1. Per DSSP helix of 4 or more residues, -39500 (n - 2.57); summed, then divided by the residues of the chain. What does that give at 222 nm, rounded to the nearest 500?
2. Full extension from D107 to A263: what is 0.36 nm times the residue separation minus their Cα-Cα distance, to one decimal in nm?
3. Please compare each pair in K60/K240; K9/K131; K12/K60; K9/K168 to a cut-off of 26 Å on the Cα-Cα distance and tell me which ones are over it.
4. Explain nothing, just the number: dipole magnitude of the chain about its Cα centre with +1 on each Lys and Arg Cβ and -1 on each Asp and Glu Cβ, in debye rounded to the nearest 20.
5. Answer with one residue from T179, W55, F70: the one whose Cα lies farthest towards the positive end of the charge dipole of region 49-186, charges on Cβ with Lys, Arg +1 and Asp, Glu -1.
6. At what distance in angstrom do the alpha carbon centres of region 3-73 and region 198-244 lie from each other?
7. Once a ≥ b ≥ c are taken as the square roots of the eigenvalues of the Cα gyration tensor of the chain, is the result rounded (a/c under 1.5), prolate (a/b larger than b/c) or oblate (a/b not larger than b/c)?
8. With the Cα gyration tensor of region 81-120 giving a ≥ b ≥ c as the square roots of its eigenvalues, does the rule (a/c under 1.5 for rounded; else a/b larger than b/c for prolate; else oblate) give rounded, prolate or oblate?
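Coordinate-derived values only; no laboratory data. Nothing here was measured: the structure is a model prediction, and the numbers come from that model. Using ideal geometry, Cβ is built from the backbone for each residue, glycine included, and neighbour counts are taken over all protein chains shown.
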Amino acid sequence: MAIPASLQKGLKLPVIAAPMFLVSGPDLVVEACNAGVIGTFPSLNQRTTEGYREWLQEIKSRLTPDAAAFGVNHIVHPTNPRLMADMMVSVEEKVPLIITSLGAVRDVVDAVHGYGGVVFHDIANVRHARKAAESGVDGLILVANGAGGHAGIINPFALINEVRAFFKGTIILSGCLSTGQDVAGALMMGADFAYMGTRFINTTEAMAPAAYKDMIIESGATDIVHTPAVSGIPANFMIKSLQANGIDPKTLPEHKLDMGDEAKAWKTVWSAGQGAGAVHDVLPAGELVGRLISEYRQAAEGFRARSLVA
Ligand SMILES: Cc1cc2nc3c(=O)[nH]c(=O)nc-3n(C[C@H](O)[C@H](O)[C@H](O)COP(=O)(O)O)c2cc1C
């Protein structure tokens, strides 16, 4: 249980601003890293592999010397035709943290380790966690119930306890973490990092439109629905966004509705996690990180003050 040495540089709080399709780009990554948390983005947020390389070079040029590390998400699946080309760019540009989704593959892990990088892999259940651990990943991102995007359905306490029993690498907890208190709670549960998506949509630098951010402010946990209807794989979406697109949340099918390709679906119907209920504003990512740090300190002090254990 530890944070890899290469990711400790510049880290002021063990938080990863999670990669989000159509939402995270260079501005968010740079602001997050310069403020002291790990910023990330999916390589597919750039339309081409060359564009992806340009984003990497731009990010590197804008990071301050004491910035935290940054990371990139790759979808490791045959349906991603850009995987090989994007991975080669990641290796050439020595991306410090690679986050793999869907496939945990030994070759990818070896390629990243070859230049001193770190691999974290997304899992939503214990079977996938075991498979990923066998492929040699450095960390597992436990995507629990209520997370934004392709969320899991398992309670975070249950998931972390089962995974910790066999996995000795870094544990990153994902799902509904919105405040510094939540970060403290994740660490108390045994996570090494808190992984925060929805909270970072509501930053000035996130590429989501203003109406998306407003809808998050207006949504609570019961305004989120977990459905395969938008993307084909179960994911969490805002009910208000489904309704705005004329989709009745009460009669959602168990299959993908015809909404065009994946990008069109996510652009049309907006995803957020159940933690939206704790998001009340839009602010610069650097300010958000400052707030998270002070909330985290308050939580730690409050815990010590309240603790009944000697
Ligand atoms: C709009 C949106 C897009 C997402 N896109 C991706 C993605 O492209 N790749 C990925 O690994 N995870 C993606 N996720 C999941 C996040 O990385 C993260 O696991 C999740 O947002 C954490 O839960 P939270 O939103 O409750 O904080 C996405 C989440 C959201 C809300």
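1. -11500 deg cm²/dmol
2. On the way: separation 156, 0.36 × 156 = 56.16 nm, distance 2.77 nm.
Full extension from D107 to A263 adds 53.4 nm.
3. Exceeds cut-off: K60/K240; K9/K131.
4. That gives the chain a dipole magnitude of about 560 debye.
5. Value computed over the given set: T179.
6. About 22 Å separates the Cα centre of region 3-73 from the one of region 198-244.
7. Taking the square roots of the gyration eigenvalues as a ≥ b ≥ c, the chain is rounded.
8. Details: a/c = 1.60, a/b = 1.11, b/c = 1.44.
In terms of gyration-tensor shape, oblate.
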